[in-house]
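Asker: If you scroll down you'll find the structure; I have some questions about it.
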Amino acid sequence: MNLTRHMIIAGITALAVAAPAAPALARGGGDINNTVVSTAPAPPATAPDPAPLNGWDLCPDYAGAFVQPDGSTLFGNITTGGCLVAKASPTGALSIYAVYVPKGWTYSVKSSDPSKLLVEIPDPFTGDTHSIMVEPGKTRIR
């Protein structure tokens with residue numbers, strides 16, 4: 001019963017301490033009409049980098065096919081504004097190893113199925129969407 005009385009006193013004390021702070025928080029910083037609205041200035045937008053003239057500049061280490069110690073093969077494919085590095089396992093299953101795009105560009109993975117990889121890269125300057133599709137024995141770049 002003594003523990004309950006201490007818990008009630010501690011609860012009342014906590015409410016008493018918090019009660020005076022509540023009106024100060026509700027006042028909105030002291031403005032009588034509560035109409036003060038402040039926002040931080042937006043950071044300046046940085047323009048995206050242009051696509052390199054040589055697409056291999058995005059992923060120079062993957063220009064070719066490279067057999068890995070586990071028997072898989074890494075190979076790069078480029079399009080305007082992007083480089084897809086695919087990995088083919090010894091069984092032929094595909095996976096995305098890496099995607100490289102210039103600073104400020106984006107890409108989306110539309111398929112990462114073991115039998116089909118598809119990555120789309122929208123060009124922020126022209127609005128065109130470039131893509132790289134890799135299937136076993138077939139690659140389509142547009």
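The values are calculated or read from the model by the stated rules, or taken from the named source; none is laboratory data. Here the structure is a predicted model, which is why all the values come from computation and not from measurement. With ideal geometry, Cβ positions are generated from the backbone for all residues, glycine too; neighbour counts draw on all protein chains shown. Heavy atoms of the whole protein, side chains included, go into the accessibility calculation; ligands, DNA and RNA do not. Shrake-Rupley method; radii C 1.70, N 1.55, O 1.52, S 1.80 Å.
Asker: For a quick protection proxy, order the peptides 125-137, 82-94 by their average other-Cβ count within 10 Å, most packed first.
Answerer: Result, highest mean Cβ count within 10 Å first: 82-94, 125-137.
Asker: Another question, if that's okay. Just how much of Asp61 is accessible, in Å², when a 1.4 Å probe is used and the result is rounded to the nearest 10?
Answerer: Roughly 120 Å² of Asp61 is accessible to a 1.4 Å probe.
Asker: A further question follows. Give the carbon-plus-sulfur fraction of the accessible surface of region 39-118 in %, rounded to a whole number; probe 1.4 Å, heavy atoms of protein chains only.
Answerer: For region 39-118, the apolar C and S fraction of the accessible surface comes to 57 percent.
Asker: Report, in cubic angstrom per residue, the convex hull volume of the C-alpha atoms of region 84-142.
Answerer: 63
Asker: Which sequence of Tyr62, Tyr100 reflects their accessible areas, 1.4 Å probe, from the largest down?
Answerer: These residues rank, largest area first, as Tyr100, Tyr62.
Asker: Taking 25 Å as R0, compute the FRET efficiency from the Cβ-Cβ separation of Thr139 and Asn54 and round it to 0.05.
Answerer: With R0 = 25 Å, the Cβ-Cβ based efficiency is 0.85.
Asker: Suppose all protein chains stay in the model; what accessible area per residue would a 1.4 Å probe give for region 82-142, in Å²?
Answerer: Spelled out: the 1.4 Å probe surface of region 82-142, per residue, equals 54 Å².
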